[in-house]
1. Rounded, prolate or oblate: which one fits the range 1-136, using the alpha carbon gyration tensor with axes a ≥ b ≥ c (rounded when a/c is under 1.5, else prolate when a/b beats b/c, else oblate)?
2. Let me check against my output: what whole-number percent is the relative contact order of the range 368-435, with C-alpha pairs under 8 Å and at least 6 apart?
3. For every helix of n ≥ 4 consecutive DSSP H residues, a contribution of -39,500 (n - 2.57) applies; sum these over the chain, divide by its total residues, and give [θ] at 222 nm rounded to the nearest 500 deg cm²/dmol.
4. What is the fewest-to-most order of Ile432, Ile399 by other Cβ atoms lying within 10 Å of their Cβ?
5. Of the DSSP beta bridges with both residues in the chain, give the percent that are antiparallel, rounding to the nearest 5.
6. Looking at the square roots a ≥ b ≥ c of the eigenvalues of the Cα gyration tensor of the range 236-280, which shape do they give, rounded for a/c under 1.5, prolate if a/b is larger than b/c, or oblate?
7. What is the extension gain from Ala182 to Val26, computed as 0.36 nm multiplied by their sequence separation minus the C-alpha to C-alpha distance, in nm to one decimal?
8. Can you give me the distance in nm between label points at Phe304 and Glu355, each placed 7 Å from the Cα along the Cα-to-Cβ direction?
Amino acid sequence: MYTLGIDSSTQSVKALVYDTEAKSVVATVSVNFGKELPEFGCPDGFLPNEDQLVRQADPRLWVAALEKVLQKLADSFDTSKIDAIGGDGQQHGSVYLGAGWSAALASLSDAADGRTLVERLDGAFSRPVAPIWMDSSTHAEVAALDVRFGETLRLRTGSPAIERFTGPQIMKFAKEDPSTFAATRRIHLVSSFLCSLLIGADAPIDTGDGAGTNLLDLARGEWDSEICAFTAPGLVAKLPAVRNGRAGSLAPYFVKYGLRPGIPVAAFTGDNPASLVGTGADKPGVAVISLGTSDTFFAAMPVFKTDPDGYGHVFGNPSGGFMSLACIKNGSLAREKVRALVGCDYAFFDEGAFEAAGVFAGRAFPYFEEEITPKHPGTGIEADFDWKAASDAEKVVSIVRGQVLNMYERTRWIGAFDTIRVTGGASRSKGIRDTIAAVFGARVETLDVPDSAALGGAILAAWLLG
Ligand code: XUL
């Protein structure tokens, strides 16, 4: 049988087909938001904003990208063979839907109506923008949650109040624009929003992605009514149900891409929980480092425990129980900036620099964006040596070392691991992999499938088929 995994991340959407018998990937296609959908004005996946703390996207971008990626897939693979669909989205981002949402969803049962998805959603959004995980503009809301709930918030939801998490984002919106908030009928995460389109009905939020909201009572797997009530008036009624597993059946609309309407669709999860599954790390024992727009470190968690320093998180593990996660914002975009600043090519950044730098011991931390782990303003590069006098190789090596050392220090609460699986675009870099092996004192494995989140989505779909 074949299953489809769809991964809607910060800068692109990928679709991957998995052969469940051969246990191999038979097709992969992707759409880069900035390059292939420039009309939405999100070159790096978000709308440029004068305020560096504000990071919002046009949610129609994700809808248009979903269509484009399905079209690419239909052009290269017989999509009628696909038996189930699963997927994931970048975590924490929220989509605000109003009075037109239900009718837009209902219209997806009509395959003959010639309108595109974006056209059908015309009038469905109550808010034209969707804050994403890179947003750090909710300092006041985080402080209010801290004062009201203190440690309880971390112990119940798995994380302390965090700027990018959905709850503080909703709180800010409800405070700044109470009438639009009141007119909002439904708030979805990126994951559940896309899943809703596929099934033509409100999809549930799974416990993997739901835990990234500061609103979910993780032990009970339900929205925490007390925290929700403090966050915004009438919030629980605007949130979809929390449920893992099957979300519904594929809506007739998608027959246009050769897919069979009625095939099961799994509840979408967050990109990190999906990667946990896709890297085969959903059972305890190995940790994963995902080197993407953000760098994340995560592992299945045998016993629920939270980060006493308040930087790490606990999310639901799609295969049951929990997972730990630490997220460092200045990941690949920061590496890319340093590469451009030094003016070197990828081969030098990924390998050559590490040979050329010799025994140089300096470390430098890239803070191009306000950092979340640990909290730090976006002041640029901080080096413990004379940055200007350093060679290109020393600059590259010191930045990678700084990033990996920071990750090491911030993930001690999770535990020590003999094996670390490295995934994401930058896992191709031998220099980065060797640095991880040296700093963590662990064996580093890379994977044949670089798109571990999309593969995780396809595996979630395979679970529906037993
Ligand atoms: C995790 C996080 C990011 C996003 C985007 O908490 O904020 O990793 O999921 O990848």
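1. Values: a/c = 2.08, a/b = 1.37, b/c = 1.52.
Note, shape of the range 1-136 comes out oblate.
2. Numbers: 24 pairs, mean separation 15.1, N = 68.
With pairs under 8 Å counted, the relative contact order is 22 percent.
3. Details: 18 runs with 159 residues, N = 466.
Roughly -9500 deg cm²/dmol at 222 nm, from the helical runs in the chain.
4. Numbers: Ile432 25, Ile399 28.
The most exposed by this proxy come first: Ile432, Ile399.
5. Values: 50 of 69 bridges.
So the antiparallel bridges amount to about 70 percent of the total.
6. Working: a/c = 2.56, a/b = 1.26, b/c = 2.04.
Oblate, since a/c reaches 1.5 and b/c is not below a/b.
7. Details: separation 156, 0.36 × 156 = 56.16 nm, distance 4.57 nm.
Additional length available on full extension: 51.6 nm.
8. Placing both labels 7 Å along Cα→Cβ, they lie 5.1 nm apart.
Taken together, the values in this text are just the output of simple stated rules run on the coordinates, not laboratory data. If you're wondering where the values come from, they're calculated on a predicted model, not measured in any experiment. Here Cβ is always computed from backbone atoms with ideal geometry, including for glycine, and neighbour counts include all displayed protein chains.
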